[in-house]
Amino acid sequence: MARVTLNIAKVYDDGFIENIEKTKYFQLHKNVTTRTDLYCFAIALSEMESKEPTLISTVGATKSIVRTEFLTNVEPLLSCLYYEKELKDKPENIDNICNRDEVYNLAEKCANTGFGILKEYTEHIDEEALFYKLISYMDRRYEEIKDELSSIV
């Protein structure tokens with residue numbers, strides 16, 4: 001049976017997500033940001049900090065946060081993530097990119113790692129510092145990509 005939801009560790013949902021709703025930290029609350037976008041932001045933080053995705057079961061009980069029917073616009077992003085992490089060095093397994101359960105499992109691991117990072121940020125970094133941290137990361141990535149492209153041309 002196909003998956004219907006992506007999960008979040010209950011430890012993040014019960015206190016931390018509620019805190020985001022109250023404080024409106026970084027405009028990540030429901031009135032501004034969809035749960036799908038929040039999930040993708042958490043995945044991006046996991047990648048930005050180069051943290052290894054953790055099994056969701058290692059952080060305890062889980063709770064649904066995003067229905068897969070709302071992933072339409074981010075399916076390519078999740079597939080790219082799966083390719084980068086699981087298939088890049090194994091081209092013979094490229095058909096696995098069509099296995100949505102595997103793609104969703106990896107997204108879930110990365111998102112929960114990212115929620116752990118975001119929890120730390122909410123406790124230790126104000127919104128302005130986070131903004132500059134993200135801009136700095138984008139600048140570094142741009143420089144890396146720019147160098148790669150200039151070496152090809």
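Every number in this text was worked out from the coordinates using simple rules, so none of it is lab data. Quick caveat, the model's predicted, so the values are computed rather than measured. For neighbour counting, all protein chains shown are included, and Cβ atoms are generated from backbone atoms with ideal geometry for every residue, glycine included.
Structure summary
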{"quantity": "Simple spin-label estimate for Glu47 and Glu143 in nanometres, 7 Å along Cα-Cβ", "calculated": "2.1"}
{"quantity": "Geometric extent, Cα atoms of segment 65-153 - Rg, Dmax (angstrom)", "calculated": "16.5, 45"}
{"quantity": "Given charges at beta-carbon only (K, R positive; D, E negative), |dipole| of the chain in Debye", "calculated": "460"}
{"quantity": "Likely footprinting exposure, Lys63, Lys22, fewest C-beta neighbours within 10 Å first", "calculated": "Lys22, Lys63"}
{"quantity": "Packing-based exposure ordering (other Cβ within 10 Å, fewest first) of Cys40, Cys110, Cys98", "calculated": "Cys98, Cys40, Cys110"}
{"quantity": "Shape call, segment 1-128: gyration tensor on alpha carbons, a/c limit 1.5", "calculated": "prolate"}
{"quantity": "The chain: DSSP helices with Cα axial extent of at least 15 Å and average Kyte-Doolittle hydropathy no lower than 0.0", "calculated": "35-48"}
{"quantity": "For Ile20, Ile94, order by how many other beta-carbon atoms lie within 10 Å, fewest first", "calculated": "Ile94, Ile20"}
{"quantity": "Efficiency of FRET from Cβ geometry, Lys24 and Arg67, R₀ 25 Å, rounded to 0.05", "calculated": "0.60"}
